[in-house]
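A short worksheet on the structure shown next.
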Amino acid sequence: MVERAGRVVGGQAPIAAALAIAVSVVALTAAPAGSQVRSASPAPDPELEARAITRMVTAAEVADWARERRDAPAMIVAARILADIRTRRENGDEPFLTPAALLDEAETFAGGDRDLLDQISRERSPDKGVRASPFGAGPIVVVRRLRARETYSFTIEARRNEVLRVAAIGDGDTNIDLALRDQNGAVICADGSRDHYPVCTVARPQAGPIRIEIVNRGEVWSRVQILTN
């Protein structure tokens, strides 16, 4: 299944299609195009952190909507939005608006529905997303500079049958496209929507390598922030 803003192929609930497009918002350091090294710890970026807060508020609003209607799929979406935001732990009381807490609520709304309970279980799994990549195991958060018309690609191994979400966010000057290919070169997800923030979601990736391709379609260079779960 592939997922894009407002559109789903392969069986997600409509509200999930509409809302589960939030991607990680973090501060990053830039590196030259083509370099495949693990990123150093970045300095905070006030603008990106402000956007992260906006998305946290969105997650809270979606969660309130879900509570009013006892809607498990909507609560799962709220948990996804929140889980995509990386935060720094500070002293004080434990946070109460967390993905785990929202998934607990979603479970109470599921009413024994096996499909929903399975989905909640997958969301709880720490093994979602990338198993191996040139940048190491786990989520990828990296910035590359792409020249005009340049394609940047790298290969990952996704965790089989877990949700894989990939985003490539350009700086706004050019059109950025994104494609995921299996080990045979077949496209398993593509976003060529003529914008600068393509997103791909594959619900149940098969075993084997996946090639991620990011293309700068414009006539000028662009920074691109690449994120996976």
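The values are calculated or read from the model by the stated rules, or taken from the named source; none is laboratory data. Quantities reported herein were computed from a predicted structural model and do not represent experimental measurements. Neighbour counts are summed over all protein chains in view; Cβ atoms, including those assigned to glycine, are modelled from backbone coordinates with ideal geometry. The protein model used for the area step is the full one, side chains on, heavy atoms only, and it has no ligands, DNA or RNA in it. Shrake-Rupley method; radii C 1.70, N 1.55, O 1.52, S 1.80 Å.
Among the protein heavy atoms, those of Arg159 account for about 70 Å² of accessible surface (1.4 Å probe, every chain in place). Counting only heavy atoms of the protein chains and using a 1.4 Å probe, Thr58 has close to 50 Å² of accessible surface. For Ser133, the accessible surface of its heavy atoms amounts to roughly 20 Å² (probe 1.4 Å, protein chains only, rounded to the nearest 10).
In the range 109-229, what percent of the accessible surface is made up of carbon and sulfur (1.4 Å probe, ligands and nucleic acids excluded)? Answer for the range 109-229 is 42 percent, counting heavy atoms of protein chains only. Spacing of the modelled spin labels on Val220 and Asn161, each 7 Å from Cα toward Cβ, amounts to 4.8 nm. Against the criterion of solvent-accessible heavy-atom surface with a 1.4 angstrom probe, Phe96, Phe154, Phe109 sort, most first, into Phe96, Phe109, Phe154.
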